[in-house]
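K.L.:
Sharing a structure here in C-alpha coordinates format.
The values are calculated or read from the model by the stated rules, or taken from the named source; none is laboratory data. Here the structure is a predicted model, which is why all the values come from computation and not from measurement. We place every Cβ from the backbone using ideal geometry, glycine too, and count neighbours over all the protein chains shown.
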Amino acid sequence: MPPRPNRPHRQSRGGHQSVWIFGRHAVLAALANPDRRIERLFATREMAERHAAEIGKTDKAIVSREDLNQRLPNGSVHQGIAALVAPLEEPGLEDILARCGENALVLVLDQVSDPHNVGAILRSAAAFGAAGLIVTDRHTPSDTGTLAKAASGALEVVPLVRAVNLARTLDQLKEAGFWTYGLAETGDARLDNLDLKGRTCIVLGAEGEGLRRLTAEKCDRLVTIPTSDALSALNVSNAAAVAAYEWARQRPR
(Lines give C-alpha, C1' and ligand atoms only; values in the text may rest on other atoms or scores of the structure.)
Protein backbone atom coordinates (compact mmCIF):
# COMPACT_ATOMS: atom_id res chain seq x y z
CA MET A 1 0.00 0.00 0.00
CA PRO A 2 1.49 3.39 -0.97
CA PRO A 3 2.23 5.79 1.90
CA ARG A 4 -0.24 8.53 2.63
CA PRO A 5 0.50 11.57 0.46
CA ASN A 6 1.18 14.99 1.88
CA ARG A 7 -2.02 16.99 1.79
CA PRO A 8 -3.07 20.56 2.48
CA HIS A 9 -4.34 21.49 5.93
CA ARG A 10 -7.99 20.70 6.48
CA GLN A 11 -10.46 21.06 9.29
CA SER A 12 -9.85 18.50 12.01
CA ARG A 13 -12.59 16.03 12.83
CA GLY A 14 -14.69 17.52 15.58
CA GLY A 15 -12.98 20.91 15.27
CA HIS A 16 -10.15 21.47 17.76
CA GLN A 17 -11.75 19.71 20.72
CA SER A 18 -9.49 17.13 22.35
CA VAL A 19 -10.70 13.53 22.36
CA TRP A 20 -9.87 10.40 24.32
CA ILE A 21 -8.26 7.30 22.85
CA PHE A 22 -7.78 4.30 25.11
CA GLY A 23 -6.56 0.73 24.96
CA ARG A 24 -3.03 -0.51 24.27
CA HIS A 25 -3.20 -0.99 20.49
CA ALA A 26 -5.13 2.22 19.85
CA VAL A 27 -2.83 4.40 21.96
CA LEU A 28 0.43 2.88 20.70
CA ALA A 29 -0.74 3.35 17.10
CA ALA A 30 -1.57 6.98 17.87
CA LEU A 31 1.91 7.47 19.35
CA ALA A 32 3.44 6.04 16.17
CA ASN A 33 1.35 8.24 13.87
CA PRO A 34 3.23 11.46 12.96
CA ASP A 35 -0.08 13.06 11.97
CA ARG A 36 -1.56 12.59 15.45
CA ARG A 37 -0.85 15.21 18.13
CA ILE A 38 -0.74 13.68 21.62
CA GLU A 39 -1.69 16.26 24.23
CA ARG A 40 -1.33 14.11 27.34
CA LEU A 41 -0.71 10.45 28.01
CA PHE A 42 -2.03 8.64 31.07
CA ALA A 43 -0.69 5.20 31.98
CA THR A 44 -0.28 2.90 34.91
CA ARG A 45 3.31 2.40 36.00
CA GLU A 46 3.25 -1.14 34.62
CA MET A 47 2.12 0.00 31.15
CA ALA A 48 4.53 2.95 31.13
CA GLU A 49 7.47 0.67 31.89
CA ARG A 50 6.37 -2.03 29.43
CA HIS A 51 6.07 0.46 26.57
CA ALA A 52 8.80 2.93 27.52
CA ALA A 53 10.35 2.74 24.04
CA GLU A 54 7.09 3.59 22.26
CA ILE A 55 6.19 6.34 24.74
CA GLY A 56 9.61 7.97 24.54
CA LYS A 57 9.55 11.61 25.64
CA THR A 58 5.78 12.03 25.32
CA ASP A 59 4.37 14.02 28.22
CA LYS A 60 2.79 11.44 30.50
CA ALA A 61 1.19 11.05 33.89
CA ILE A 62 1.53 7.87 35.94
CA VAL A 63 -1.91 7.05 37.31
CA SER A 64 -3.82 4.17 38.84
CA ARG A 65 -6.44 2.14 37.02
CA GLU A 66 -9.04 3.68 39.30
CA ASP A 67 -7.97 7.16 38.22
CA LEU A 68 -8.31 6.17 34.55
CA ASN A 69 -11.77 4.76 35.25
CA GLN A 70 -12.80 8.16 36.62
CA ARG A 71 -11.32 10.14 33.72
CA LEU A 72 -12.79 8.04 30.90
CA PRO A 73 -16.41 7.38 29.89
CA ASN A 74 -18.16 4.64 31.83
CA GLY A 75 -17.32 1.15 30.61
CA SER A 76 -14.10 2.14 28.81
CA VAL A 77 -11.79 -0.87 28.48
CA HIS A 78 -8.52 1.04 28.75
CA GLN A 79 -6.01 -1.71 29.67
CA GLY A 80 -4.14 0.78 31.83
CA ILE A 81 -3.34 3.37 29.15
CA ALA A 82 -5.19 6.30 27.56
CA ALA A 83 -4.33 9.48 25.70
CA LEU A 84 -5.93 12.86 25.26
CA VAL A 85 -5.32 13.70 21.60
CA ALA A 86 -6.15 16.27 18.95
CA PRO A 87 -8.49 15.00 16.22
CA LEU A 88 -6.92 13.93 12.94
CA GLU A 89 -7.33 16.16 9.92
CA GLU A 90 -10.39 15.23 7.89
CA PRO A 91 -9.31 13.29 4.77
CA GLY A 92 -11.20 13.51 1.50
CA LEU A 93 -12.01 11.05 -1.25
CA GLU A 94 -8.95 12.26 -3.14
CA ASP A 95 -6.76 10.99 -0.29
CA ILE A 96 -8.17 7.50 -0.73
CA LEU A 97 -7.83 7.63 -4.52
CA ALA A 98 -4.19 8.70 -4.16
CA ARG A 99 -3.53 5.38 -2.39
CA CYS A 100 -5.17 3.29 -5.13
CA GLY A 101 -3.25 1.39 -7.74
CA GLU A 102 -4.61 -0.79 -10.52
CA ASN A 103 -5.97 -3.20 -7.91
CA ALA A 104 -7.61 -1.51 -4.94
CA LEU A 105 -10.39 -2.01 -2.43
CA VAL A 106 -12.57 0.66 -0.86
CA LEU A 107 -15.18 -0.22 1.75
CA VAL A 108 -18.31 1.92 2.06
CA LEU A 109 -20.77 1.93 4.98
CA ASP A 110 -24.32 3.19 4.55
CA GLN A 111 -25.41 4.58 7.93
CA VAL A 112 -23.71 1.96 10.11
CA SER A 113 -24.04 3.55 13.53
CA ASP A 114 -22.48 1.12 16.01
CA PRO A 115 -18.92 2.23 16.93
CA HIS A 116 -17.84 -1.36 17.65
CA ASN A 117 -18.85 -2.39 14.13
CA VAL A 118 -17.22 0.59 12.43
CA GLY A 119 -14.03 0.07 14.43
CA ALA A 120 -13.94 -3.64 13.61
CA ILE A 121 -14.44 -2.86 9.91
CA LEU A 122 -11.55 -0.39 10.02
CA ARG A 123 -9.41 -3.16 11.52
CA SER A 124 -10.36 -5.54 8.69
CA ALA A 125 -9.69 -2.78 6.14
CA ALA A 126 -6.16 -2.41 7.50
CA ALA A 127 -5.57 -6.16 7.76
CA PHE A 128 -6.54 -6.88 4.15
CA GLY A 129 -5.01 -3.80 2.55
CA ALA A 130 -8.05 -1.65 1.74
CA ALA A 131 -7.24 1.85 0.53
CA GLY A 132 -9.85 3.45 2.76
CA LEU A 133 -13.23 3.39 4.45
CA ILE A 134 -16.07 5.74 3.49
CA VAL A 135 -18.98 6.35 5.85
CA THR A 136 -22.02 8.60 5.78
CA ASP A 137 -21.60 11.96 7.46
CA ARG A 138 -24.82 11.39 9.41
CA HIS A 139 -25.77 8.34 11.49
CA THR A 140 -22.11 7.36 11.90
CA PRO A 141 -20.24 7.44 15.24
CA SER A 142 -17.37 9.82 15.93
CA ASP A 143 -13.92 8.30 15.47
CA THR A 144 -12.87 8.42 19.12
CA GLY A 145 -12.95 6.25 22.23
CA THR A 146 -14.90 3.07 21.59
CA LEU A 147 -14.48 3.16 17.81
CA ALA A 148 -10.72 3.69 18.10
CA LYS A 149 -10.45 0.87 20.64
CA ALA A 150 -12.39 -1.52 18.37
CA ALA A 151 -10.20 -0.49 15.42
CA SER A 152 -7.13 -1.63 17.39
CA GLY A 153 -4.85 0.99 15.81
CA ALA A 154 -6.36 0.94 12.31
CA LEU A 155 -7.82 4.43 12.76
CA GLU A 156 -4.27 5.78 12.51
CA VAL A 157 -3.45 4.06 9.19
CA VAL A 158 -6.69 3.77 7.18
CA PRO A 159 -8.27 6.99 5.86
CA LEU A 160 -11.82 7.36 7.19
CA VAL A 161 -13.80 9.65 4.89
CA ARG A 162 -17.22 11.03 5.79
CA ALA A 163 -19.45 11.52 2.75
CA VAL A 164 -22.20 14.14 2.90
CA ASN A 165 -23.78 12.72 -0.27
CA LEU A 166 -23.09 8.99 -0.50
CA ALA A 167 -24.78 8.58 -3.88
CA ARG A 168 -22.51 11.24 -5.38
CA THR A 169 -19.47 9.63 -3.76
CA LEU A 170 -20.33 6.28 -5.35
CA ASP A 171 -20.59 8.05 -8.72
CA GLN A 172 -17.12 9.53 -8.17
CA LEU A 173 -15.72 6.09 -7.36
CA LYS A 174 -17.20 4.74 -10.59
CA GLU A 175 -15.64 7.63 -12.50
CA ALA A 176 -12.31 6.60 -10.95
CA GLY A 177 -12.69 3.08 -12.35
CA PHE A 178 -14.29 1.23 -9.44
CA TRP A 179 -16.91 -1.50 -9.74
CA THR A 180 -19.38 -1.08 -6.88
CA TYR A 181 -20.94 -4.14 -5.25
CA GLY A 182 -23.63 -3.84 -2.60
CA LEU A 183 -23.99 -6.65 -0.07
CA ALA A 184 -27.67 -7.56 0.26
CA GLU A 185 -29.73 -10.66 0.96
CA THR A 186 -31.57 -9.95 -2.31
CA GLY A 187 -28.36 -10.04 -4.35
CA ASP A 188 -28.41 -12.05 -7.57
CA ALA A 189 -24.82 -13.32 -7.38
CA ARG A 190 -22.47 -14.81 -4.81
CA LEU A 191 -19.51 -12.67 -3.85
CA ASP A 192 -17.10 -15.59 -4.20
CA ASN A 193 -18.21 -16.15 -7.81
CA LEU A 194 -17.25 -12.63 -8.89
CA ASP A 195 -13.98 -11.47 -10.39
CA LEU A 196 -12.86 -8.81 -7.89
CA LYS A 197 -9.56 -7.97 -9.55
CA GLY A 198 -9.06 -4.32 -10.41
CA ARG A 199 -10.67 -1.48 -8.50
CA THR A 200 -13.42 -2.81 -6.24
CA CYS A 201 -15.83 -1.05 -3.91
CA ILE A 202 -17.87 -3.08 -1.40
CA VAL A 203 -20.92 -1.29 0.05
CA LEU A 204 -22.54 -2.46 3.29
CA GLY A 205 -25.70 -1.25 5.00
CA ALA A 206 -26.75 -1.01 8.62
CA GLU A 207 -27.84 -4.16 10.40
CA GLY A 208 -31.58 -4.64 10.10
CA GLU A 209 -32.19 -1.84 7.59
CA GLY A 210 -29.56 -2.89 5.06
CA LEU A 211 -28.74 -0.64 2.12
CA ARG A 212 -31.00 2.33 1.51
CA ARG A 213 -32.88 2.27 -1.79
CA LEU A 214 -30.82 4.96 -3.55
CA THR A 215 -27.56 3.44 -2.32
CA ALA A 216 -28.58 0.02 -3.66
CA GLU A 217 -29.57 1.56 -6.99
CA LYS A 218 -26.16 3.21 -7.30
CA CYS A 219 -24.36 -0.13 -6.97
CA ASP A 220 -23.36 -1.90 -10.18
CA ARG A 221 -24.59 -5.17 -8.71
CA LEU A 222 -26.09 -6.53 -5.49
CA VAL A 223 -24.34 -9.63 -4.20
CA THR A 224 -24.61 -12.06 -1.31
CA ILE A 225 -22.23 -13.93 0.96
CA PRO A 226 -23.28 -17.59 1.05
CA THR A 227 -24.11 -18.86 4.54
CA SER A 228 -25.55 -22.06 5.97
CA ASP A 229 -29.27 -22.58 6.52
CA ALA A 230 -28.68 -22.30 10.27
CA LEU A 231 -28.00 -18.55 10.02
CA SER A 232 -28.93 -16.50 6.98
CA ALA A 233 -27.12 -13.25 7.77
CA LEU A 234 -23.80 -12.07 9.19
CA ASN A 235 -23.04 -9.16 11.47
CA VAL A 236 -22.01 -6.21 9.28
CA SER A 237 -18.43 -6.22 10.58
CA ASN A 238 -18.14 -9.97 9.90
CA ALA A 239 -19.55 -9.48 6.41
CA ALA A 240 -17.02 -6.71 5.74
CA ALA A 241 -14.17 -8.96 6.90
CA VAL A 242 -15.31 -11.82 4.64
CA ALA A 243 -15.67 -9.47 1.66
CA ALA A 244 -12.28 -7.86 2.25
CA TYR A 245 -10.64 -11.27 2.57
CA GLU A 246 -12.23 -12.45 -0.70
CA TRP A 247 -10.87 -9.38 -2.48
CA ALA A 248 -7.42 -9.93 -0.95
CA ARG A 249 -7.50 -13.62 -1.91
CA GLN A 250 -8.08 -12.71 -5.56
CA ARG A 251 -5.59 -9.84 -5.63
CA PRO A 252 -2.65 -10.49 -7.98
CA ARG A 253 0.56 -11.14 -6.08
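K.L.:
Residue check: is residue 69 more than 22 Å from residue 173 (Cα to Cα) and assigned to a helix (DSSP H, G or I)?
P.N.:
Details: more than 22 Å from residue 173 (Cα to Cα): yes; assigned to a helix (DSSP H, G or I): yes.
Yes: the conditions hold for residue 69.
K.L.:
Let me ask another. Quick check, is residue 230 of a type in the set (A, V, I, L, M, F, W, C) and free of Cβ contacts under 8 Å to residues at least 60 places away in the same chain? Spell out the reasoning first.
P.N.:
Working: of a type in the set (A, V, I, L, M, F, W, C): yes; free of Cβ contacts under 8 Å to residues at least 60 places away in the same chain: yes.
When the stated conditions are applied, residue 230 passes them.
K.L.:
Next up: Tell me, please, whether a residue that is touching an Asp or Glu at 6+ places or on another chain (Cβ under 9 Å), small (Gly, Ala, Ser) and either assigned by TED's automatic domain parsing to the domain that holds residue 201 or assigned to a loop (DSSP other than H, G, I, E, B) (or both) can be found in region 88-95.
P.N.:
In the first step, residues of region 88-95 are kept if they are touching an Asp or Glu at 6+ places or on another chain (Cβ under 9 Å); the result is 88-89.
Checking the rest, the ones that are also small (Gly, Ala, Ser) come to none.
No: region 88-95 contains no residue that is touching an Asp or Glu at 6+ places or on another chain (Cβ under 9 Å), small (Gly, Ala, Ser) and either assigned by TED's automatic domain parsing to the domain that holds residue 201 or assigned to a loop (DSSP other than H, G, I, E, B) (or both).
K.L.:
Among the listed residues 140, 146, identify the single one that is part of a loop (DSSP other than H, G, I, E, B) and of a type in the set (Val, Ile, Thr). It would help to see each step written out before you state the result.
P.N.:
Numbers: 146 fails: part of a loop (DSSP other than H, G, I, E, B).
After ruling out the rest, the residue left standing is 140.
K.L.:
Moving on. Being out of contact with any Asp or Glu (no Cβ under 8 Å at 6 or more places or on another chain) and over 19 Å from residue 175 (Cα atoms) is the filter; apply it to region 201-224 and report the residue that is modelled with the lowest pLDDT.
P.N.:
If we filter region 201-224 for residues that are out of contact with any Asp or Glu (no Cβ under 8 Å at 6 or more places or on another chain), which is where we start, we get 201-202, 208-209, 213-214, 216-217, 219-220.
Those still in the list that are over 19 Å from residue 175 (Cα atoms) too: 208-209, 213.
Values: 208: 81, 209: 84, 213: 94.
Among them, the one singled out is 208.
K.L.:
Looking only at region 149-168, how many residues end up being assigned to a helix (DSSP H, G or I), surrounded by 22 or more Cβ atoms within 10 Å (Cβ to Cβ) and not hydrophobic (A, V, I, L, M, F, W, C)?
P.N.:
Initially, region 149-168 is screened for residues assigned to a helix (DSSP H, G or I), giving 149-151, 154-156, 166-168.
Right, trim to surrounded by 22 or more Cβ atoms within 10 Å (Cβ to Cβ) and you get 149-151, 154-156, 166.
Of the ones still in play, those that are also not hydrophobic (A, V, I, L, M, F, W, C) are 149, 156.
Residues in region 149-168 being assigned to a helix (DSSP H, G or I), surrounded by 22 or more Cβ atoms within 10 Å (Cβ to Cβ) and not hydrophobic (A, V, I, L, M, F, W, C): 2 in total.
K.L.:
Is it true that residue 187 is in the same structural domain as residue 133 (by TED's automatic domain parsing), part of a loop (DSSP other than H, G, I, E, B), over 19 Å from the mean Cα position of the chain (by Cα) and surrounded by 15 or more Cβ atoms within 10 Å (Cβ to Cβ)?
P.N.:
Values: in the same structural domain as residue 133 (by TED's automatic domain parsing): yes; part of a loop (DSSP other than H, G, I, E, B): yes; over 19 Å from the mean Cα position of the chain (by Cα): yes; surrounded by 15 or more Cβ atoms within 10 Å (Cβ to Cβ): yes.
For residue 187, the condition - in the same structural domain as residue 133 (by TED's automatic domain parsing), part of a loop (DSSP other than H, G, I, E, B), over 19 Å from the mean Cα position of the chain (by Cα) and surrounded by 15 or more Cβ atoms within 10 Å (Cβ to Cβ) - is met.
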